[in-house]
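To start, the structure under review is shown below, and the notes come after it.
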């Protein structure tokens, strides 16, 4: 079954550099690379809600090994008793190290959407039709994984994401996808269709940042990570000096953002910590490694 999962996920993005599946037994964590950006997705449930939401958290995690200078971690957070398909009010929360990362993220997403739209030409075979075929054969046990991957793809490639997420939520809509969804998008596009797809892709990305149900916050833990990566041990040690990570987020109810952020950082850095030869390139000093390991132990 695990081999089948890996084979299926491997077909989701043939243009990706590599699909590195980090799927645990509950299928609640997925990681991959798209256009050089390290992407993660996870599903979390918690009791710490004052008012219940179906939330999608986008963590922009400083990461110097990425060409973009950050990785993107999305976490879908639900109340403990909520179903994955529900009628709860939805909201998005963008977690940024500082205000400059919002501009960097917008620029990256728009450029990626543009590139993905422009590659759908008559001379370039596209993977969407293959993807639709793969989705048709998915086992229902992959529903969580498809929701997560669909959420990531919808942000980076709006042309495909909606169909993937819809299939994950409603596993029986194969004919609908065939008539209106991925296979249609996978067909040859005219120049006019390509231009329209590009405009829609850019609108979709910008809408994520401006819609009424979107919250943007400067996350203290990410703020501390950004500071730690650009300072030496003599300039700043997160364990012995002041630590921005102890700050609060009054924009959000409860403290669940802390554990969600720590898990996002852990998913991003835990493998890297096992490769000392990359620490200098990643701007990780001994003080940063000590701080990260302390954080991860608390998870």
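The values are calculated or read from the model by the stated rules, or taken from the named source; none is laboratory data. Because the structure is predicted, anything quoted here is derived from the model rather than measured. Cβ coordinates were reconstructed from backbone atoms using ideal geometry, including for glycine residues, and neighbour counts include every protein chain displayed.
Within region 253-265, does at least one residue satisfy the condition of being surrounded by 13 or more Cβ atoms within 10 Å (Cβ to Cβ) and more than 17 Å from residue 298 (Cβ to Cβ)? Outline the logic, then answer.
First, pick out the residues of region 253-265 that are surrounded by 13 or more Cβ atoms within 10 Å (Cβ to Cβ): 253-254, 256-265.
Now restrict to residues that are more than 17 Å from residue 298 (Cβ to Cβ): 253-254.
Looking for residues that are surrounded by 13 or more Cβ atoms within 10 Å (Cβ to Cβ) and more than 17 Å from residue 298 (Cβ to Cβ), one finds at least one in region 253-265, hence yes.
Here residue 285 meets the list (1) surrounded by fewer than 19 Cβ atoms within 10 Å (Cβ to Cβ); (2) out of contact with any helix residue (DSSP H, G or I) (no Cβ under 7 Å at 6 or more places or on another chain); (3) more than 26 Å from residue 44 (Cβ to Cβ) almost entirely, failing just condition (1). Say we look at region 212-223 and pick out the residues that are surrounded by fewer than 22 Cβ atoms within 10 Å (Cβ to Cβ) and modelled with pLDDT of 70 or more; which of these is farthest from residue 257 (Cα to Cα)? Per the criteria, the residue is 213. Specify the residue that is surrounded by the most Cβ atoms within 10 Å (Cβ to Cβ); the eligible residues are those in region 268-282 that are part of a helix (DSSP H, G or I) and out of contact with any helix residue (DSSP H, G or I) (no Cβ under 7 Å at 6 or more places or on another chain). Taking the candidates together, the pick is 268.
For region 82-124, taking the residues that are under 21 Å from residue 36 (Cβ atoms) and more than 18 Å from the chain's Cα centre (by Cα), the one that is modelled with the highest pLDDT is identified as 100.
For residue 245, the criteria (1) over 22 Å from the mean Cα position of the chain (by Cα); (2) part of a helix (DSSP H, G or I); (3) modelled with pLDDT under 95 hold in every case but one, which is (1).
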